[in-house]
Amino acid sequence: MSINVFHLLETVLSDDVVRNLSGRFGLSPDLTRKVTGAVAPALVAAIMHRGSTADGARSLFSTIMSPDVNASIGKQLPELLSSTAGLSQLETMGRDLVQKAAGVNVGALADAVAAQTGAAQSTAFSLTGVVGAALMGILKQHFTSSQGFVGQLPTLLGHQLSSVNASLTDRLASAVGLGSAGAFAGSVLMRLKDVSAHLDHPQPPARPVSASLPPQTIGDSTPPIVVEKRGHSWLWWLLAALALIVAFFALRSCHREEPVQDDQAASAPAAVAASEASAADNASAPAITSAASDASAASAASAVVAPAPTQDSHLSFAVDKNGVPTITATVGTEAEKAQLVDALTKRFGDGKFNANVTVDAATKPADWLAHLDGLLPLMALPGAEVKIDGSHVELSGTAADAKLGWLDKLKALFGSGFDIGVFNVQKAVADATQSFRDAVKGLFVSDSSCAGSDVAKVLNLQVINFKTASSVIPASAAQDLRDSAKALKACAKQGKPVQLEVAGYSDNVGVAATNLALSKQRAQAVRTFLVAQGVAGSTLKAEGYGDANPVAANDTESGRFRNRRIEFVAK
């Protein structure tokens with residue numbers, strides 16, 4: 001029996017649960033529903049895509065049935081959400097599970113959900129984890145209670161397609177690596193049906209039936225009959241021959257290239273099982289069972305395919321003042337690498353560009369390669385910076401200059417399947433501020449966690465955007481730092497003071513020694529501000545690390561923005 005996971009998810013995410021989540025994240029219940037309603041079809045679609053290959057279905061089923069998945073989450077969710085620590089653990093576990101099960105880039109999905117719903121990116125990131133944990137728990141509960149097996153998984157996933165189609169947008173489909181929603185919907189069902197025929201469909205063991213019952217035919221779905229042997233040895237040979245013929249044609253059907261229907265996918269393995277059961281009852285025909293088993297093993301071996309790639313392809317480049325580009329890329333095949341390098345060589349000539357191209361078999365096809373000719377002129381524009389991750393394109397430097405019109409050019413070049421935008425520092429700061437203010441509320445409740453790692457995780461959501469070469473706390477960060485101090489003082493009042501290092505980092509632009517000194521000054525300025533707000537100085541240590549430990553590449557403005565940071569580290 002199949003299920004509708006969307007209906008069950010609505011039951012698990014009841015009105016009470018949604019109100020609880022809304023309070024935790026500072027959202028209205030309607031917006032919370034809107035976010036979860038966007039996350040769910042994207043996750044289910046990604047899971048369907050993973051289950052559309054034999055190896056992918058086996059890996060997915062293994063993850064669903066793993067101890068990390070909570071099959072009782074429907075009953076336990078209200079309790080898990082009752083504390084900050086429980087919610088944090090649930091979010092993290094859910095994100096890890098959907099990444100492992102379906103290869104979902106949770107950050108990219110959260111970006112798409114935030115853009116579609118108007119919620120903060122951090123809120124979408126957190127709720128994606130909650131929905132992911134609930135979804136995996138629903139699937140495990142179903143397969144556990146029904147004693148299901150991997151062969152049933154593709155059919156169950158196929159039954160979710162109509163619900164996915166009702167809500168999946170191109171933006172969400174692209175965020176989870178599926179291309180357009182229409183292209184996904186047009187191909188996934190056939191792939192699921194095809195892979196179903198190559199997975200194990202165990203049948204209940206055959207039970208002997210009294211000889212007084214009416215004889216059954218080979219084609220019946222009921223278990224084979226134990227037949228009297230006296231005087232009918234020719235009948236055994238006939239039954240054995242018929243069993244071999246049925247097994248032969250059933251196994252041949254597993255290798256057909258044309259798609260199979262649901263009833264065909266189920267009946268082919270059943271016919272093999274029935275034939276083998278008939279042969280096993282015949283003491284005089286052991287070779288038939290052996291031959292069928294060997295053929296079945298060969299069929300299973302032929303169905304093994306390489307694991308589906310899980311990570312997005314990447315391309316970034318920065319052009320110096322002389323028009324010489326430095327390109328960094330990750331692609332999935334040597335052929336894609338050769339295509340990129342050949343195009344660069346043809347455009348710029350040998351030795352007139354810098355390229356670091358990595359081949360990683362876990363990388364999805366680089367769809368942007370099809371538009372490379374249109375990108376090459378931009379690679380010669382002094383000061384241009386571009387970053388492409390999968391289908392997400394970000395412009396900065398002179399590439400973002402509205403007067404040059406590259407944003408519109410690339411939108412026309414790439415089409416609707418790509419999300420193309422310009423990096424904006426003010427928007428990045430505003431988004432981070434909203435994310436921090438949503439999350440820090442959880443540190444003010446009476447049962448909030450004062451574990452150093454939990455507190456640091458929330459404090460690190462804020463962005464302190466210092467002016468160039470300055471260590472003066474910007475006005476835009478003052479309120480967030482006051483809230484940080486309030487949270488730290490609340491823990492100290494409970495007798496649980498949090499020991500933190502305030503670590504300052506820079507990008508790699510300029511002189512390394514100057515950057516190191518400035519990062520120390522900025523870290524010390526943050527510590528001084530917090531102490532002035534009443535945080536015990538003995539709980540805070542300030543240190544600067546310059547351009548060490550970057551969290552992003554320094555070849556684009558957004559990467560440098562992320563690397564210029566204050567990081568709170570639990571001690």
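The values are calculated or read from the model by the stated rules, or taken from the named source; none is laboratory data. Computed from a prediction, not measured in an experiment: that's the story for all the values here. Note that each Cβ is placed from the backbone with ideal geometry, even for glycine, and that neighbours are counted across all protein chains shown.
Key figures for this structure:
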read-out: Any chance ARG19 is in the same structural domain as GLY182 (by TED's automatic domain parsing) and surrounded by 16 or more Cβ atoms within 10 Å (Cβ to Cβ); value: no
read-out: Matching residues in segment 135-182 - criterion: being farther than 17 Å from GLY103 by Cα, in a helix (DSSP H, G or I) and of a type in the set (Gly, Ala, Ser); value: GLY137, SER145, GLY151, GLY158, SER162, SER163, ALA166, SER167, ALA181, GLY182
read-out: Selected residue [of a type in the set (A, V, I, L, M, F, W, C) and surrounded by fewer than 13 Cβ atoms within 10 Å (Cβ to Cβ)] from PHE444, PHE418, PHE466; value: PHE444
read-out: Selection from segment 369-381 of residues that are within 22 Å of GLY417 (Cβ to Cβ), in a helix (DSSP H, G or I) and not acidic (Asp, Glu); value: LEU369, ALA370, HIS371, LEU372, GLY374, LEU375, LEU378, MET379
read-out: Odd one out for THR63 among (1) at pLDDT below 90; (2) closer than 22 Å to THR144 by Cβ; value: (1)
read-out: Number of the exception - GLY56 against (1) more than 26 Å from PRO29 (Cα to Cα); (2) modelled with pLDDT under 90; (3) over 10 Å from the mean Cα position of the chain (by Cα); (4) surrounded by fewer than 21 Cβ atoms within 10 Å (Cβ to Cβ); value: (4)
read-out: Unique residue being in a helix (DSSP H, G or I), without any contact (Cβ under 8 Å) to a residue 60 or more places away in the chain and assigned by TED's automatic domain parsing to the domain that holds ARG482 when the list is ALA542, ALA548, ALA525; value: ALA525
read-out: Residue tally, condition more than 16 Å from the chain's Cα centre (by Cα) and of a type in the set (Phe, Trp, Tyr), over segment 71-130; value: 0
read-out: Residue match in segment 193-200 (condition: surrounded by fewer than 24 Cβ atoms within 10 Å (Cβ to Cβ) and either polar (S, T, N, Q) or within 28 Å of LEU77 (Cβ to Cβ) (or both)); value: no
read-out: Some residue of segment 89-104 being assigned to a loop (DSSP other than H, G, I, E, B) and either among the hydrophobic types (A, V, I, L, M, F, W, C) or out of contact with any Cys (no Cβ under 9 Å at 6 or more places or on another chain) (or both); value: yes
read-out: Top-ranked residue in segment 128-179 [being in contact with an Asp or Glu (Cβ under 9 Å, 6 or more places away or on another chain) and of a type in the set (A, V, I, L, M); ranked as surrounded by the fewest Cβ atoms within 10 Å (Cβ to Cβ)]; value: VAL150
read-out: Residue in segment 477-485 that is among the hydrophobic types (A, V, I, L, M, F, W, C), in contact with a Ser or Thr (Cβ under 8 Å, 6 or more places away or on another chain) and within 25 Å of ARG562 (Cα to Cα) present; value: no
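Results for (1) of a type in the set (Phe, Trp, Tyr); (2) touching a Ser or Thr at 6+ places or on another chain (Cβ under 6 Å); (3) assigned to a helix (DSSP H, G or I); (4) touching a residue at least 60 places away in the same chain (Cβ under 8 Å), shown as yes or no for each residue.
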{"site": "PHE6", "(1), (2), (3), (4)": "yes, yes, yes, yes"}
{"site": "THR11", "(1), (2), (3), (4)": "no, no, yes, yes"}
{"site": "ASP16", "(1), (2), (3), (4)": "no, no, yes, yes"}
{"site": "SER22", "(1), (2), (3), (4)": "no, yes, yes, no"}
{"site": "ASP30", "(1), (2), (3), (4)": "no, no, yes, no"}
{"site": "LYS34", "(1), (2), (3), (4)": "no, yes, yes, yes"}
{"site": "ALA38", "(1), (2), (3), (4)": "no, yes, yes, yes"}
{"site": "LEU43", "(1), (2), (3), (4)": "no, no, yes, yes"}
{"site": "ILE47", "(1), (2), (3), (4)": "no, no, yes, yes"}
